[in-house]
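Written out below as structure tokens is the structure these notes cover.
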Amino acid sequence: MWFLYFLSWIALLIQLCIITLSIAAGLYYLAELVEEYTVVTGKIIRYLIFFTTAVFIGMVFFEDFPFLMMGGGLASCVVHYLILQDFPYFYVSSPAFIGSIVALLFNHYMAFSYFSTHWYPFPDVLAYFTICLWLVPFSFFVSLSANENVLPTVSGSSEQEPTDVVTNYFRKNKKTGLLSFFRMAQDSVLPQRARKQF
């Protein structure tokens, strides 16, 4: 009896490793697609914001959620749309980005406080969190690496930086995105194969 119990824990650890690797491979593939098709990604995120806004409007009319919770969700959709104006670039110090972080925390607080006092089936709660709270921020998270391969169009020159657009672009260290993180993890974790010289 104890041996099968021990094997079940080993199988659980193996399954967790497989699930983690599958999620990482999927995120890597999505980041590759986002870098390749930046304009299409911006349109998809715009449609996701419109879809989420329509879902919040539908919940105002058809469900019995608090107005503050729905108002916070609609405000987060507006802030997400403001972030999309500079896509594929993300400015962490911009008011829209800071507002989206505040709105994300506020909406999670409102959702957790509401669902802890009102009973709903788990699939309903998961549907609310997935569609209303996580869909658009996750798409922005996956597209963080999209600005690494975008060619420069305007020089951000100042007194210390050169005025040449191409020199200014290649001087900056652009290795901070999600795809760069996965490439660094791949290089440090997986062994490198040496090519045979004939």
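The values are calculated or read from the model by the stated rules, or taken from the named source; none is laboratory data. This one's a predicted model, so the numbers in the text were calculated from it and none came from an experiment. Cβ: placed from backbone, ideal geometry, glycine included. Neighbour counts: every protein chain shown. Heavy atoms of the whole protein, side chains included, go into the accessibility calculation; ligands, DNA and RNA do not. Shrake-Rupley method; radii C 1.70, N 1.55, O 1.52, S 1.80 Å.
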Over the range 1-74, what per residue volume does the convex hull of the Cα atoms give, in whole Å³? 154 Å³
For the range 51-148, which whole-number percentage of the solvent-accessible area (1.4 Å probe, protein heavy atoms only) is attributable to carbon and sulfur atoms? 77 percent
Projected area averaged over orientations for the range 1-146, convex hull of C-alpha atoms, nm²: 11.4 nm²
Checking rank on 40-47, 1-8, 131-138, 13-20, with mean other Cβ inside 10 Å and highest first, the result is 131-138, 40-47, 13-20, 1-8
Probe 1.4 Å, heavy atoms of protein chains only: per residue, the accessible area of the range 80-147 in Å² is 57 Å²
Given R₀ = 41 Å, what would the calculated FRET efficiency be for residue 138 paired with residue 5, taking r from the Cβ atoms and rounding to 0.05? 0.65
Residue-level accessible surface for residue 34, protein heavy atoms, 1.4 Å, Å²: 10 Å²
Tell me, what ³J(HN,Hα) does each residue in the range 10-18 have, in order and in whole Hz, if you take phi through Karplus 6.51 cos²θ - 1.76 cosθ + 1.60 with θ = phi - 60° and put x for Gly and Pro? 5, 5, 5, 5, 5, 5, 5, 5, 5
Over all alpha-carbon pairs in the range 66-119, figure out the percentage whose distance exceeds 15 Å. 49 percent
Determine ³J(HN,Hα), in whole Hz, for all residues of the range 131-136 in sequence, where each value follows from phi through the Karplus function 6.51 cos²θ - 1.76 cosθ + 1.60 and θ = phi - 60°; x replaces Gly and Pro. 7, 8, 10, 10, 5, 6
